[in-house]
Amino acid sequence: MFKILERETLAEHINKFVVEAPLIAKKALPGQFVILRLHEKGERIPITICETDPEKGTITLVVQEVGKTTYELGTYQAGDEIADIIGPLGKPAEIEKVGTVVAIGGGVGTAIVYPEAKAFKEKGNYVISIIGFRSKRFVILEEEMRKVSDELYVTTDDGSYGMKGFVSDKLKELIEEGRKIDLVIAIGPAIMMKVVSDLTRPYGIKTIVSLNSIMVDGTGMCGACRVEVGGKTRFACVDGPEFDGHQVDFDLLIKRLAMYKEEERIALERYLKERGKA
Amino acid sequence: MKKIPRQPMPKQPPEERIKNFNEVALGYTEELAVKEAERCLQCPRPFCVDGCPVKVKIPEFIKLVKERKFSEAAKKIKEDNVLPAICGRVCPQEEQCEKKCVLGIKGEPVAIGRLERFVADWEAEHGEIEKPEMPEKKGIKVAVVGSGPAGLTCAGDLAKMGYDVTIFEALHKPGGVLIYGIPEFRLPKHIVEREVDYLRLLGVEIKVDVVVGKSITLYELFDMGYKAIFLGLGAGLPKFLGIPGENLLGIYSANEFLTRTNLMKAYLFPEYDTPIKVGKRVAVIGGGNVAMDAVRSALRHGAEEAHIIYRRSRAEMPARLEEIENAEEEGVIFNFLVNPKRFIGDENGWVKGIELVKMELGEPDESGRRRPVPIPGSEFIFEVDTVVIAIGQTANPVLLDVTPEIKRNRWGYIEADYETGKTSMKGVFAGGDIVTGEATVIEAMGFGRRAAKAIDEYLRTGKW
Ligand SMILES: Cc1cc2nc3c(=O)[nH]c(=O)nc-3n(C[C@H](O)[C@H](O)[C@H](O)COP(=O)(O)OP(=O)(O)OC[C@H]3O[C@@H](n4cnc5c(N)ncnc54)[C@H](O)[C@@H]3O)c2cc1C
Ligand SMILES: Cc1cc2nc3c(=O)[nH]c(=O)nc-3n(C[C@H](O)[C@H](O)[C@H](O)COP(=O)(O)OP(=O)(O)OC[C@H]3O[C@@H](n4cnc5c(N)ncnc54)[C@H](O)[C@@H]3O)c2cc1C
Ligand code: SF4
Ligand code: SF4
Ligand code: FES
């Protein structure tokens, strides 16, 4: 059992949890994730480790409510316990001094790119961050990102905050202004990572993405998370989750993410109905 | 004397059982067990024992069954086999103990496995599981990584010798393949849980959710005061065919299909949260136990047609005979001498067909089985909506990649001494599928047991 010590709502449908997990807190590096299972009947879902405090033995997770499990987790309060948390899993991000790094976060992807932006900054890189949201009320981690970035841009789809448009629009501006960019890290919805990768490809700007494929065990045992990178099948949970965005078959990823659409709808509706009754 | 025929085991009727995940074989009654035990000749030179990898004292325990001393029979088996309820169910007896039984030469061998299962179940039911005599604690810590049959056996033996044993398991439930792979209808999970509870009774500590190599390294375990480590990691990396279309939607590895089904209980969705997609026409590729488990699970998930696609013929199938027969009774359709060349998808990326090529059997290969060779121009399309690939597993490198001192062979398995389990890293032993490649429950147990002995010797003498 893993105890939740703090819980905070960051934005509509996005919650932050500080959880006691000393073993993981000691080991986790930027880019790594955990698999969690809420209770005996729960599903195993992957969530990135956003921050750690090795001294206190805690990890921080930022979770968007998108389906049954994440909605249910959204009801958990400080003091509640999560049955299983396994990690840290996946390969850590490669953090090196390369020069100028553009860190892009789309929606809850901001929470995933945050520890990497921070690590790149600490390595002495010039960090430009672009974080994008659907609307003002979904904006998260703006202050945190600002602290670890030399420049920060916020975009919203509807223009209710920051620049109107997508994160890729801002990136395009930067490229067209002739800014020297050595590396792009883009983390968010698959479609966003695809657009960013397509954008940087003709300029030859190295682009790293973090693939959010469906997972079960997270240790290389099942193959649920398989993705195609450079024409080869890879397991996102052990070979990734980060890959060269220019090599990734995003269309396949997007299709595979929709594999259980029908079941996910059934599960969520059933859950919300039950919750309504309770 | 009138010859008694081998007593059949009562089973759920096929038309019933394909609608549930409950155990298929119901087990002997006391009467049937005694009757079957009476068939044993009590050979002074019992060949059956030679066939058993852990040398269960077969005639002795069967004699006790005949005398209705069931509890003593259980104790007799447990002298050599700590997991009889499991082995009685899943051992390939026709290849092991029963293969060597003299009665098998002319007629049918004694149903040793069924008797073993009966005895273990009887003991569990009658609440006579004795609290084991606790040995004096040595105050020496040993770590066991992996809680499959190899790890469980090794841990149990070491605990009985007085060591402080901790098992580290990556998944959220202990048991290895017994929990995530072999289905409920063949091995009810409460039986595995019972055996795990018994280990706890022996004082073994079980830490789940720990991926050794990721959450903690072997070096750190040594630093924490563990004096020896046993690796029972299993062969957990699924093999794929490496043909076009393999990542289409609706194509599973057997590991994923069975893990969703067994460990995550997808057959109880949406009461349990994990979903599974099983279409009307399911094809399982492979001919081993894993393939049989997957194809029979598919039927229970509601498939209208469940097919086996196997590149050799029935005679070469590595699955246990009993399970092939069960599958046949349940209506599984077997397609022999065909091999997949590619998968074909629909416009949404779902698998809709497999291109198969017909095969014929040529010269025997290194395994002694006749090698299947494709017949040119015989390709055809086989329509499906779900595919499960069950062509085997190899070694999962998660731990070994961060522990380069441990030598691996060219297939990625650990190089360990067969008698002791010693690896190339001091203080680290290994056994089970991670050393032998995919084998059997009882062989993994045997390995765990030999390693426990070697660990004890190493810790007593300090000699490596
Ligand atoms: C490496 C990795 C890191 C992630 N980090 C975060 C994070 O930090 N914060 C966050 O909010 N989300 C993160 N996700 C996504 C998160 O795992 C999914 O949102 C979650 O699994 C949805 O579960 P659900 O039951 O609430 O929704 P469902 O209704 O089950 O699914 C909604 C959508 O989530 C995806 N999904 C469903 N099940 C899984 C699964 N078992 N594994 C992966 N994706 C699934 C599918 O695309 C699905 O369409 C990460 C995913 C991966 C692979
Ligand atoms: C579907 C299926 C059906 C089978 N049917 C039969 C049968 O009928 N009869 C028979 O005799 N045999 C059968 N087998 C084979 C048998 O199950 C195996 O040979 C046996 O389980 C091997 O035991 P093991 O202890 O070596 O490994 P496993 O049972 O594979 O257990 C290994 C355990 O180690 C854990 N682990 C791995 N890496 C780590 C790590 N880094 N940190 C922590 N934990 C880790 C795994 O999660 C797993 O729980 C079957 C196998 C399968 C897959
Ligand atoms: S352990 Fe297996 S091989 Fe040995 S006697 Fe029992 S069923 Fe037969
Ligand atoms: S070989 Fe057969 S008949 Fe002889 S002791 Fe063994 S089980 Fe009994
Ligand atoms: S999630 Fe099972 S192999 Fe990656």
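Of note:
- Here the extension length gained between A:Glu81 and A:Glu143 equals 19.4 nm, from 0.36 nm per residue of separation less the Cα-Cα distance.
- Positive dipole terminus of the protein assembly as shown, leading residue within B:Ala327, B:Val56, B:Ala120 (C-beta point charges): B:Val56
- Among the GluC sites (Glu not before Pro) in the stretch B:63-118, those placed in a DSSP loop whose Cβ has at most 12 other Cβ atoms within 10 Å are B:Glu67.
- Most to least accessible of B:Trp464, B:Trp411, B:Trp122, B:Trp350 (protein chains only, probe 1.4 Å): B:Trp411, B:Trp464, B:Trp350, B:Trp122
- Shielded by partner chains, the stretch A:53-85 residues - at least 20 Å² of accessible area, 1.4 Å probe, vs chain alone: A:Lys68, A:Asp84
- Per-residue ³J(HN,Hα) for the stretch A:158-164, Karplus 6.51 cos²θ - 1.76 cosθ + 1.60, θ = phi - 60°, Hz, x for Gly and Pro: 9, x, 6, 7, x, 7, 7
- Amide H contacts under 5 Å for A:Met163, placed H, 5+ residues apart: A:Val154, A:Thr155, A:Thr156
- When you filter the GluC sites (Glu not before Pro) in the stretch B:204-308 for DSSP loop state and at most 12 other Cβ atoms inside 10 Å of their Cβ, you are left with B:Glu271, B:Glu304.
- In order through the stretch A:117-132: 3J(HN,Hα) via Karplus (6.51 cos²θ - 1.76 cosθ + 1.60), integer Hz, x for Gly, Pro: 4, 4, 5, 5, 5, 4, 7, x, 7, 8, 10, 9, 10, 10, 10, x
- Placing pseudo-labels 7 Å out from each Cα toward the beta carbon at B:Glu95 and A:Glu173 gives an inter-label distance of 6.6 nm.
- Solvent-accessible surface (1.4 Å probe) assigned to B:Met292 amounts to roughly 0 Å².
- Inter-centroid distance (Cα atoms) of the stretch B:328-371 relative to the stretch B:199-222, Å: 41 Å
- 3J(HN,Hα) couplings calculated from phi for the stretch A:83-94 with the Karplus curve 6.51 cos²θ - 1.76 cosθ + 1.60 (θ = phi - 60°) are, in sequence order, 4, 9, 9, 10, x, x, 10, x, 7, x, 5, 8 Hz; Gly and Pro show x.
- Residues of chain B: accessible area per residue with a 1.4 Å probe, Å²: 41 Å²
- Spatially proximal aspartates and glutamates relative to A:Lys56 (Cα-Cα < 14 Å; intrachain offsets below 8 disregarded): A:Glu6, A:Glu20
- Extending 7 Å from Cα along the Cβ direction at B:Lys453 and again at B:Asn409 yields two label points whose distance is 2.1 nm.
- For B:Met134, solvent-accessible area (1.4 Å; no DNA, RNA or ligand), Å²: 90 Å²
- Loop sites here are trypsin sites (Lys or Arg not before Pro) outside DSSP states H, G, I, E and B with no more than 15 other Cβ atoms within 10 Å. The longest part of chain A free of them is A:181-278.
- Å² of accessible area per residue within chain A, as computed with a 1.4 Å probe and no ligands counted: 42 Å²
- Accessible-area loss of 50 Å² or more (1.4 Å probe, protein heavy atoms, chain alone versus all protein chains) is found in the stretch A:229-267 for A:Lys255, A:Met259, A:Tyr260, A:Glu263.
- The calculated FRET efficiency for the pair B:Lys207 and B:Arg371, based on their C-beta separation and a Förster distance of 60 Å, comes to about 0.85.
- Amide H contacts of A:His246 (H built 1.01 Å from N, in plane; Pro and chain starts excluded): A:Thr207 sit under 5 Å, all sequence-distant by 5 or more or on other chains.
- Under a 5 Å amide H cut-off, with hydrogens placed 1.01 Å from N, B:Cys101 pairs with nothing among residues at least 5 apart or on other chains.
- Neighbour count of at most 13 Cβ within 10 Å plus DSSP loop: longest trypsin sites (Lys or Arg not before Pro)-free window in chain B: B:138-279
- Counting protein heavy atoms only, the stretch A:100-257 has 51 percent of its accessible area on carbon and sulfur, 1.4 angstrom probe.
- Evaluated over the protein assembly as shown, the Cα radius of gyration and Dmax, each in Å: 27.7, 100
- Between the stretch A:118-149 and the stretch B:380-443, the alpha-carbon centres lie 43 Å apart.
- Neighbour count of at most 14 Cβ within 10 Å plus DSSP loop: longest GluC sites (Glu not before Pro)-free window in chain A: A:178-278
- Filtered GluC sites (Glu not before Pro), the stretch B:321-403: DSSP coil and at most 10 other beta carbons within 10 Å: B:Glu347, B:Glu366
- Buried accessible area, chains B and A (both chains, 1.4 Å probe, Å² to nearest 100): 3800 Å²
- Straight-line reach from B:Lys35: taking Cα to Cα under 19 Å and skipping same-chain neighbours fewer than 8 places apart, the aspartates and glutamates in range are B:Glu60, B:Glu67, B:Glu72, B:Glu98, B:Glu108, B:Glu116, B:Asp121, B:Glu123.
- Centre separation in Å (Cα based) which lies between the stretch A:218-272 and the stretch B:23-99: 47 Å
- Inverse of mean 1/r across different Cα pairs in chain B, Kirkwood, Å: 23.4 Å
- Here A:Lys273 and A:Glu94 are evaluated by their C-beta separation; at R0 = 41 Å the FRET efficiency comes out at 0.35.
The values are calculated or read from the model by the stated rules, or taken from the named source; none is laboratory data. Keep in mind that this is a model prediction, so the values were computed, not measured. When we count neighbours, we look across all protein chains shown, and the Cβ atoms used for this are built from the backbone with ideal geometry, even at glycine. The accessibility values were calculated without ligands, DNA or RNA, using every heavy atom of the protein model including side chains. Shrake-Rupley method; radii C 1.70, N 1.55, O 1.52, S 1.80 Å.
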